[in-house]
Amino acid sequence: MSVHNELKRITTETLRKMKFDSEKISMLTAYDFTTAKMVDAGGVDAILVGDSASNVMAGHETTLPITLDQMIYHAQCVVRGVERALVIVDLPFGSYQSDPQKALDSAVRIMKESGAHAIKLEGGEEIRDSILRIVNAGIPVMGHLGLTPQSIYQFGTYKVRAKEEAEAEKLIADARLLEELGCFAVVLEKIPAALAKQVTESIDIPTIGIGAGPDCDGQVLVFHDMVGMNKGFSPKFLRRYLELYDEITGAVAQYVNDVRAADFPNQKESY
Ligand code: KIV
């Protein structure tokens, strides 16, 4: 008989139950093994291998340039570091919008080659056939509505979305559609808190907010933003739990001084 304690993995069903039990869901991004290990050990419920890797890891201005191969590489690194959290991977721009078969092929590559547990994509009605094709293949899908960064050149701005009635109504209809199509959760990005509350109360799948107020079923932040590694990015919705940019540049400056002064390495640090 096996005596080891079985580690309880988070599944899409766990998240559904958390909403039902009014337990808040926590999600953070990770793009590499070491960060994923720390984020998982900290106890988050879900880890998003976001296409924000395009900005944070590669230094691009938008999320558009990152490729499917690059997302798979990041996802493989994260999966190797995670024991408990649900790992969700963004389908990158251009890998699912054109037709449902391409969308399914992209999602299958992510699931097969990375070992991740679910995919995320941006949009509602416009990509309904792609979502349906992926869900019908047995792949868990997370939706993403509101400020969808892959459409930034259409929006022209990173300002709050769905302040006008027409856009808010479309967002509510899209959230209901995502639930109907079988998505297991939906990210709501940068929309008024009152609208996020209305959406959260009108669907049975969990809503995960970023800049969408306190009434979502869960919250997500970009890891590098919440630990203060990205000094230039300070939107109202961001809470910084550390100031790592200052900590790290300070440590590097100290190391440079120590090397220049021939203080490092000392005798104890030598063989
Ligand atoms: O790519 C990402 O990091 C995201 C989150 C902001 C939700 O999509």
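The values are calculated or read from the model by the stated rules, or taken from the named source; none is laboratory data. Here the structure is a predicted model, which means the values were calculated and not measured. Don't worry about glycine lacking a Cβ; one is built from the backbone with ideal geometry, like all the others, and counts go over all protein chains shown. The protein model used for the area step is the full one, side chains on, heavy atoms only, and it has no ligands, DNA or RNA in it. Shrake-Rupley method; radii C 1.70, N 1.55, O 1.52, S 1.80 Å.
Relative to the longest principal axis of the Cα atoms of the chain, helix 193-202 runs at roughly 60 degrees.
Sequence gap at least 6, Cα distance under 8 Å: using those rules, report the relative contact order of the chain to the nearest whole percent. Can you show the working numbers first?
Working: 498 pairs, mean separation 41.0, N = 271.
With pairs under 8 Å counted, the relative contact order is 15 percent.
Dipole size of the chain about its Cα centre, with +1 on Lys/Arg Cβ and -1 on Asp/Glu Cβ: approximately 300 debye, rounded to the nearest 20. The heavy atoms of residue 77 offer some 10 square angstrom of accessible surface to a 1.4 angstrom probe.
Translational diffusion coefficient of region 124-269 at 37 °C, 0.692 mPa s, Stokes-Einstein with Kirkwood Rh over Cα pairs, in µm²/s as a whole number. Could you put the intermediate results ahead of the total?
Working: Rh = 17.8 Å.
Value of D from the Cα-based Kirkwood radius: 184 µm²/s.
Expressed as a rounded percentage, what relative contact order does region 90-237 have, with Cα pairs under 8 Å and six or more residues apart? Walk me through the numbers on the way to the answer.
On the way: 244 pairs, mean separation 25.1, N = 148.
Relative contact order for region 90-237 comes out at 17 percent.
Highest mean packing comes first when the peptides 217-223, 137-143, 63-69 are listed by Cβ atoms within 10 Å, giving 217-223, 137-143, 63-69. Compactness of the chain is given as radius of gyration and Dmax, 20.1, 70 Å, from Cα positions. The C-alpha atoms of the chain define a longest principal axis, and helix 244-260 lies at about 20 degrees to it. Against the criterion of solvent-accessible heavy-atom surface with a 1.4 angstrom probe, 19, 236, 159, 37 sort, most first, into 236, 159, 37, 19. Each of 194, 146, 229 was placed along the dipole of region 118-271 (beta-carbon charges, centred on the mean Cα), and the one lying farthest toward the positive end is 229.
Using a 10 Å cut-off on Cβ atoms, rank the peptides 184-196, 104-116 from the highest mean neighbour count down. Kindly include the intermediate steps, with their values, before the conclusion.
Details: 184-196: 22.8, 104-116: 18.8.
So the order, starting with the most tightly packed, is 184-196, 104-116.
Could you size up the charge dipole of region 158-243 around its Cα centre, putting +1 on the beta carbon of Lys and Arg and -1 on that of Asp and Glu, and report it in debye to the nearest 20?
The calculated dipole for region 158-243 is roughly 560 debye.
Cross-link pairs exceeding 18 Å in C-alpha to C-alpha distance, out of 17/120; 163/197; 19/197; 19/163, comprise 17/120; 19/163. Dividing the summed helix terms, -39500 (n - 2.57) for each DSSP H run of n ≥ 4, by the number of residues in the chain produces a 222 nm estimate of -12000 deg cm²/dmol to the nearest 500.
Relative contact order for region 153-266: what percent, with Cα pairs under 8 Å and sequence separation of 6 or more?
Working: 132 pairs, mean separation 17.5, N = 114.
The value is 15 percent.
From the alpha carbon centroid of region 92-149 to that of region 34-86 is 17 Å. Let a ≥ b ≥ c be the square roots of the eigenvalues of the Cα gyration tensor of region 147-188; is it rounded (a/c under 1.5), or, if not, prolate (a/b larger than b/c) or oblate? Here region 147-188 falls in the oblate category.
May I ask for the angle, rounded to the nearest 10°, between helix 68-81 and the longest principal axis of the chain, with both axes built from Cα atoms and the value confined to 0 to 90°? Helix 68-81 sits roughly 60 degrees off the main axis of the chain. Take residue 18: with every protein chain present and a 1.4 Å probe, its accessible area is about 20 Å².
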